[in-house]
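The structure under discussion appears below in the form of structure tokens.
The values are calculated or read from the model by the stated rules, or taken from the named source; none is laboratory data. This is a predicted model, so every value here is computed, not measured. FYI the Cβ positions are ideal-geometry reconstructions off the backbone, even for glycines, and counts take in every protein chain you see.
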Amino acid sequence: MIGALHLRTALIFAAAVVATLASTAVPVSAADDDHSKVMGSVHVEPGQHTDDASTVNGSVEIGANAVVKKATTVNGNVTLREHSAAAEVDTVNGAAELEKGARVAGNVSLVNGHISLDEGADVLGRLTNVNGAIQLRAAHVGGGIETTTGEVDIGPNSRVEGGILVREDKSWFSWFSFGSPTIPRVVIGPGAVVKGTLRFEREVKLYVSDRATIGPVEGATVNKFSGEHP
């Protein structure tokens, strides 16, 4: 699982992939698959059904109501427009955004980038990254959330099954940090539900609305708040 990789290792791997593909690339012709590229962005038209949408050094955009298998990239963002669907989303050095009603049947996995799920977005698998914020707005995650250094914002009326895991930061540069390390914030908003264990292997600031429902907490102290934000 990509969320379990150290950031350093994943970035080295990504750089090697980019270098290898760039050195072997041939010019893209009209006969090439527009949804699978070595360099450049990929766009799947609204309502279109296709196989994988993938690229290196470019972004992937899945149009509204379109359906793909995997949406993957290195050094680029992945965006699922309203009510589009994918089986899986992966990116290294890029963000992932699921707009209103977008759906991923499997996992959403990032290494270095933020993840945002808009109202009604649904990830049936696990939502993971190493570094970057995770934000849900009245969205659903079925397989739990995992991060290492990213902040987590489970917005109002969102629902998460499978708990939350914030892993210990074992990356090499964490050993040489100067001053006080940044402490991630984890916020569970009003009306939100998190089923399963909330486990923290590193220090976090955990804020839970007095109108939220959560499972057992390990490794952190719950700070209750009222209103919309802590």
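Selection over the range 149-161 of residues that are modelled with pLDDT of 95 or more, farther than 24 Å from His83 by Cβ and assigned to a loop (DSSP other than H, G, I, E, B) gives a count of 1.
Test Thr182 against the stated conditions and say whether it is free of Cβ contacts under 8 Å to residues at least 60 places away in the same chain and either closer than 28 Å to Ala87 by Cβ or in contact with a Pro (Cβ under 6 Å, 6 or more places away or on another chain) (or both). In short, no. Among the conditions (1) in a loop (DSSP other than H, G, I, E, B); (2) over 19 Å from Asp34 (Cβ atoms); (3) polar (S, T, N, Q), Asn65 misses just one, which is (2). Once the range 87-130 is narrowed to residues that are β-branched (Val, Ile, Thr) and assigned to a loop (DSSP other than H, G, I, E, B), the residue that is nearest to Glu168 (Cα to Cα) is Val130. With respect to the stated conditions, Arg103 is surrounded by fewer than 19 Cβ atoms within 10 Å (Cβ to Cβ) and either touching a strand residue (DSSP E or B) at 6+ places or on another chain (Cβ under 8 Å) or modelled with pLDDT under 95 (or both). Within the range 147-164, being over 17 Å from Ala95 (Cβ atoms) and of a type in the set (Asp, Glu) holds for one residue alone: Glu161.
Among the candidates Glu45, Glu88, Glu82, Glu97, the residue that is under 14 Å from the mean Cα position of the chain (by Cα) and either modelled with pLDDT under 95 or over 15 Å from Gly113 (Cβ atoms) (or both) is uniquely Glu88.
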